[in-house]
Amino acid sequence: MKIIGISSSPRGKNSSTLKLLDAALTGAEEAGAEVEAIDVTKLNLKYCIACNSCHETGVCAIKDDYQALLEKLLAADGIILSSPNYITNVTAQLKTLFDRSPLVIHEQLFEGKYGFSLTTAGSGEIDFVLDIMNNYMMHCGGNFTGGVGCSMAEGPSAMEAAIDKSQEMGKDLVEAIKEKRPYPEQEVAHEAWRGQFKYVILANKEQWTHNCEHWMEKGWI
Ligand SMILES: Cc1cc2nc3c(=O)[nH]c(=O)nc-3n(C[C@H](O)[C@H](O)[C@H](O)COP(=O)(O)O)c2cc1C
């Protein structure tokens, strides 16, 4: 079982959010997973240029580090997303990865994968930022098991508690993957999304040939 942790703070090893990610990956490793941390701030990831060619060919037209990162994510069973709160959102580096994911979303390529999210903030709005990351996971077809955040204003004891909780969440992620844990509400949301996105795929079937073939293979249209 492989679990990838994405870190996205530009503060590198000084990042508080990375401390939560390290704890989560330690927990996952203790529970038996092979783990890998990837820092997207160190990668060459260009902005999506909305050329739509991924929908036609199944491959992003931009030549940078995205394709190799995508292949790692697709090979993983679990994905842990992490970002500090930057203006009540994720960092630009993580958002750049999200924006490069239309193929993953259109073809629901994280179907069967599980993940969760981690954040730290100077003051608050922890849940808002966790929801952004967990919604991304859902949009890509995956399920999320929860999230952990810490407001740095609450001091070192809050951070210690968040580190412990992240480690537990890492262990729990391994269990969720092993038992193929059902999340009925998320399954309903996936079905509803496919039910409405089907019309977008059909409306673009002449151009989005790769998407269309994938949907036919899956029996979604
Ligand atoms: C550009 C920038 C924007 C930020 N925006 C917010 C914010 O909107 N709300 C908040 O509570 N903290 C905000 N912060 C504080 C960070 O979220 C906080 O310091 C966080 O713990 C940093 O995590 P890191 O050490 O992993 O980089 C911001 C920090 C920076 C540098």
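Over the stretch 102-221, the reciprocal of the mean inverse Cα-Cα separation, the Kirkwood hydrodynamic radius, stands at 16.1 Å. Relative to the longest principal axis of the chain, what angle (0 to 90°, nearest 10) does the C-alpha long axis of helix 16-30 take? On a 0 to 90 degree scale, this one is about 80. Our note on the geometry: Cα centres of the stretch 1-26 and the stretch 138-169, 11 Å apart. On a C-alpha basis, how far is the centre of the stretch 178-219 from the centre of the stretch 101-127 in Å? Whole number, if you could? Spelled out, the Cα-based centre of one part sits 18 Å from the other.
Cβ-to-Cβ counts within 10 Å put Leu173, Leu103, Leu118 in ascending order as Leu103, Leu173, Leu118, the fewest first. Per residue, the chain reaches -15500 deg cm²/dmol at 222 nm when only DSSP H runs of four or more residues are counted, each adding -39500 (n - 2.57).
I need the shape label for the stretch 146-193. Rule: rounded when a/c is under 1.5, else prolate if a/b > b/c, else oblate, with a, b, c from the alpha carbon gyration tensor. The shape class here is oblate. Shape verdict for the stretch 1-90, please, from the Cα gyration tensor: rounded (a/c under 1.5), prolate (a/b greater than b/c) or oblate. Oblate, since a/c reaches 1.5 and b/c is not below a/b. Return one number: the angle in degrees, 0 to 90 and rounded to the nearest 10, between the long axis of the Cα atoms of helix 126-139 and the longest principal axis of the Cα atoms of the chain. Once rounded, one gets 30 degrees. Hydrodynamic analysis of the stretch 2-181 uses the Kirkwood radius over alpha carbon pairs. Inserted into Stokes-Einstein at 37 °C and 0.692 mPa s, it gives a translational diffusion coefficient of 203 µm²/s. Axis of helix 66-75 versus longest Cα principal axis of the chain: the two differ by about 80°, to the nearest ten degrees.
Every read-out reported here was derived from the displayed coordinates using simple, explicitly stated rules and does not represent laboratory data. Fair warning: this is a prediction, and the values are worked out from it, not measured in the lab. Here the Cβ is made from the backbone with ideal geometry for all residues, glycine too, and neighbour counts use every protein chain on show.
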